[in-house]
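Each reported figure results from applying straightforward, stated rules to the coordinates on display, with no laboratory input. Quantities reported herein were computed from a predicted structural model and do not represent experimental measurements. Glycine gets a Cβ as well: all are built from the backbone with ideal geometry, and neighbour counts include every protein chain shown.
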Amino acid sequence: MLLRCLCVALAMLCAVDAQPLETIKNVLGGVYSENITLFFMNSPYRVQTDLTVETGATMTIQTGVQLYFDAGVGLKIKGSLYAVGSKFARIQFLPHQSMLNYNYDFPKLRLVDGANVRQGRLQVLFNDRWRSVCTQQTNWTATDFSVACQSMGYGGGGFWRWFRRNNDTMPFVLPKPGCTAGSRTLWNCPGLVDEGRIPLSENLCQGEDDLGLYCWGPPSFSGWGRHWKGLQFLNIPFEYVNSDADQVSVHRQSLSRLEYVDIHYAGYDGTTKNSTAAIWIQGVPPFMNGLDVRRSARDGIFIYEATGPILIANSTIIYNRGHGIVVENTTDGRVFINETAVESNYGDGVWYRHKGGNQLQLILQSLSSDSTKWKRQTSYYEEERPRVEICRKHELPSDAFFPHLIRAFLSNGTLLQPEVLHPCWLVSRA
């Protein structure tokens, strides 16, 4: 009976890790500036180099299509992507390389209360509870910081800042880890070898601030180099639609759709040699329904500066090594997450930060006879629209008067070749 169970388990493991299960029929890569359709009859496809859908083009992926991406390779959409599968024939984005000897376990250390999972308050999972670390006013060494970050699956790291103590967790007192250059994890260091001698009393910290770290470098967990890059939506086209039946207001709606799509083992950018989100969106987000996003090397879905409402429905976002869903610097503010499981991720389930307008604080002297009285006044103002984006246009409008607000913007992942003219420049005419 035991042998039979072992055989069944091995068969299931091979079914998950053997990529691809069918013979590759077509190879994709490069830039598409015209409309293209990926037919089910020509599936599965292998993507060997980065695939880009340029502005003005639409890529349509039929139900049941499978795409296998080489390590570090992804799909970048500047035009439109129409990938609509079904419950019974899902579209699949998978890695081409087999995920053998893969580290499925998350570290017993984490960073919270920071901008991302690479920086924040250090916490340790000990005795089934997450505990913030205090050092009893003892300085860690640079080696201690580096080994702690390596324990979390990063290349290295250092001290970031002290965090004011919260009452939401019990403390974990670690004044001197004593790590050496040969220590592979923080648990191998002398200060943590004997877990029975680790003090946990609140009285030992006496309200002392918690330790905060900042980690960097490429991932270091086993199997990270086999991940593919993921999907990138960069200011994709949209249309204006009515927000209500009375047609009083309108909102932006993307021309792209992702429905019943599996995105597994993404999150490794072969160009930067670093981790990224499985789905990275800037601008108006596509409509997302029935997604299965799991085992990303970083965040599941990262949405930056969303200029339209975000809708994620009937989806599963699990086992990612970053946050499940990140919404950062949104100017629209509306996020709808319906019937969606966001759980068992290394970071937070949903990490949200809206984009606030700039605030100008004026301190005005009172007009009364008593000149010692002052009045504080906070004014809100919208960001000024730039006259020119010098990475796209290189001359100021002839009817514009001085002063000018000039903006230079390059999308994430842009490569600059030293022998090629820099894309951001401006001609000044007298």
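Counting other Cβ atoms within 10 Å as a rough exposure proxy, the listed residues Leu234, Leu410, Leu109 run Leu410, Leu234, Leu109 from fewest neighbours to most.
Counting neighbouring beta carbons within 10 Å and listing from fewest to most, the residues Asp292, Asp50, Asp246 come out as Asp246, Asp292, Asp50. For segment 109-216, the alpha carbon convex hull comes to 91 Å³ per residue, rounded to a whole number.
The slack between Arg164 and Phe409, meaning 0.36 nm per residue of separation minus the straight C-alpha distance, is 84.6 nm. Give a quick list of trypsin sites (Lys or Arg not before Pro) in segment 171-235 that DSSP marks as loop, anything other than H, G, I, E or B, with at most 15 other Cβ atoms within 10 Å. Filter output for segment 171-235: Arg184. Cross-link reach is defined here as a Cα-Cα straight distance under 18 Å, omitting same-chain residues fewer than 8 places apart; for Lys229 the lysines meeting it are Lys76, Lys78, Lys273. When Leu67, Leu111, Leu38, Leu405 are arranged by Cβ crowding within 10 Å, least crowded first, meaning fewest neighbours, the order is Leu405, Leu38, Leu67, Leu111. The stretch between Glu239 and Phe126 holds 35.6 nm of extra length on full extension. This uses 0.36 nm per residue minus the Cα-Cα distance. Whole-Hz Karplus values for segment 340-354 come out as 10, 9, 10, 8, 6, 8, 5, x, 6, x, 10, 10, 10, 8, 7 Hz, taken residue by residue from phi with 6.51 cos²θ - 1.76 cosθ + 1.60 and θ = phi - 60°; glycine and proline positions read x. What you get for segment 109-216, charging only the Cβ of Lys and Arg (+1) and of Asp and Glu (-1), is a dipole of about 220 debye around the Cα centre.
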